Amino acid sequence: MTRTTKPDDGGPTATPAASLRFDAVQKRYPGNARPTIESLSIEVPAGEICVLVGPSGCGKTTAMRMVNRLIEPTAGQILIDGRPNTERAPADLRREIGYVIQQTGLFPHRTIAQNVATVPKLLGWSTDRIAARTTELLELVGLDPEFADRYPAQLSGGQRQRVGVARALAVDPPLMLMDEPFGAIDPITRERLQNEFLRLQAQVRRTIVFVTHDIDEAIKMGDRIAVMRPGGRLAQYATPAELLLSPADEFVEQFVGADRALKRLALGRVRDLELEEPTRVRYGDPVAGVREALRRAEVPYPLVIDADGRPLAWLDDDDLHGERIADGIGSEVAVVDRDDILRDAFSDVLQHRVQYAAVTDHRGVVIGILSADAVARELAPPGPAPVQPAEAHHGTGA
Ligand SMILES: Nc1ncnc2c1ncn2[C@@H]1O[C@H](COP(=O)(O)OP(=O)(O)OP(=O)(O)O)[C@@H](O)[C@H]1O
Ligand SMILES: [Mg+2]
């Protein structure tokens with residue numbers, strides 16, 4: 001592996017993402033009648049997010065902790081980049097593998113900044129580089145810089161969890177283990193963190209094992225999902241789409257839930273749909289011109305934007321009187337990001353009176369309009385799948 005930098009300079013670390021393989025891994029705790037994990041085989045390609053889901057006690061945390069040798073398997077082996085992890089000292093593995101613990105596990109006597117800097121410090125980074133990275137990470141997880149000098153006990157549970165995520169990300173590790181990293185966070189912050197995390201992952205392409213109880217989170221975050229049953233048995237290992245479209249058995253079907261069709265909305269992004277064009281207007285524009293433009297418009301409401309093209313308000317018929325559009329009038333606009341998943345965007349649209357949302361790019365500039373109708377069309381049952389000529393003879397029994 002090539003590290004292109006000396007340990008304490010500020011240059012980029014070029015450690016590539018690592019592949020991970022569980023090979024017939026078994027874990028039997030002494031005194032337990034049955035093994036916690038009977039025999040688990042999973043392969044996670046480098047740069048992918050593998051989500052482990054399953055009922056409490058099915059062995060998710062156990063599986064994860066065997067990767068960095070906090071727990072040793074009873075049989076089988078775990079390979080990182082094709083190399084058994086038993087060839088590496090546990091301390092080396094833990095320095096190299098980011099780990100977000102289910103209960104955060106921050107060091108209580110160290111400040112937030114010191115917690116985040118744990119591994120960079122072990123690796124001998126310079127003070128400046130550590131300080132810059134810490135600030136960057138706290139911002140990423142949405143914590144004010146003023147938290148840097150506080151102690152974990154002075155934070156809420158959700159804030160502590162975010163520090164845990166920042167700490168695991170500190171050195172951009174080739175492999176990350178995240179055990180319910182967003183478990184204790186409110187739904188709105190959680191959605192934001194998930195989105196930030198996916199955006200970051202699209203850039204850095206780390207290999208991530210991610211544990212959650214929440215099937216919606218699994219569908220949103222996972223490239224692949226491993227659904228586990230009690231006894232660490234693998235019920236299905238598949239992409240989110242496969243899991244939703246063809247659950248392997250009744251257990252998976254129940255776990256995925258009866259609203260599978262709705263859940264498919266988590267597979268699409270706003271940017272995948274054809275957006276509609278708004279009639280963009282500014283406060284002070286002549287009303288007659290706006291009325292004229294509206295006659296040809298796809299969206300029946302004019303959208304007020306500011307000088308930079310950011311959305312301000314919807315107008316309706318009642319707002320269009322007098323000579324010019326009066327300052328500050330109109331109703332609230334639902335704003336969604338082009339990278340949001342359709343499920344989150346749909347729920348934002350439905351919470352507003354006008355059932356259209358302004359779609360913005362990363363600068364907050366309006367690039368189009370998403371309508372509740374467009375999302376609903378996406379939900380319509382798919383037509384018969386085109387039959388591949390080679391498969392035409394076999395029939396699918398459907
Ligand atoms: N040190 C231990 N000794 C004995 N049994 C253990 C030990 N640690 C875990 N177990 C048992 O192994 C099983 C799996 O535990 P694990 O923590 O891996 O579950 P989990 O899937 O992460 O559950 P949760 O979703 O509740 O976090 C449980 O039944 C647990 O009681
Ligand atoms: Mg657990």
- Note on the structure: Residue pairs within 9 Å by beta carbon, gap of at least six or interchain, first lying in segment 290-316 and of a type in the set (Asp, Glu), second surrounded by fewer than 19 Cβ atoms within 10 Å (Cβ to Cβ) and in a loop (DSSP other than H, G, I, E, B), listed first then second, are Glu298/Glu277; Asp306/Arg282; Asp306/Tyr283; Asp308/Arg363; Asp308/Gly364; Asp308/Val365; Asp316/Pro300
- Counted residues in segment 41-86 being crowded, with 21+ Cβ neighbours inside 10 Å, within 11 Å of ligand 1 (Cβ to nearest atom) and over 22 Å from the mean Cα position of the chain (by Cα) come to 3
- Please find, within segment 171-192, the residue that is surrounded by the fewest Cβ atoms within 10 Å (Cβ to Cβ) out of those that are away from ligand 1 (no atom under 16 Å from the Cβ) and under 25 Å from Trp125 (Cβ atoms). Asp172
- Query: Consider Gly284 against the criteria (1) part of a helix (DSSP H, G or I); (2) open to solvent by less than 60 Å² (accessible area, probe 1.4 Å): it satisfies all of them except one. Which criterion is unmet?
  - Reply: (1)
- Item | Residue list for segment 144-169, filter: more than 18 Å from the chain's Cα centre (by Cα) and either surrounded by 13 or more Cβ atoms within 10 Å (Cβ to Cβ) or not assigned by TED's automatic domain parsing to the domain that holds Ile97 (or both) | Phe147, Ala148, Arg150, Tyr151, Pro152, Leu155, Arg160
- Give just the number: which of (1) of a type outside the set (Val, Ile, Thr); (2) more than 22 Å from Ile80 (Cα to Cα); (3) within 16 Å of ligand 2 (Cβ to nearest atom) does Ala226 not satisfy? (2)
- Item | Cross-chain or 6+ apart pairs with Cβ under 7 Å, segment 20-31 first and more than 16 Å from ligand 1 (Cβ to nearest atom), then outside any strand (DSSP E or B) | Leu20/Val67
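The values are calculated or read from the model by the stated rules, or taken from the named source; none is laboratory data. None of these values were measured; they are calculated from a predicted model. Virtual Cβ from ideal backbone geometry, glycine too; neighbours counted across all protein chains shown. Protein only, heavy atoms only, side chains kept; ligands, DNA and RNA dropped before computing areas. Shrake-Rupley method; radii C 1.70, N 1.55, O 1.52, S 1.80 Å.
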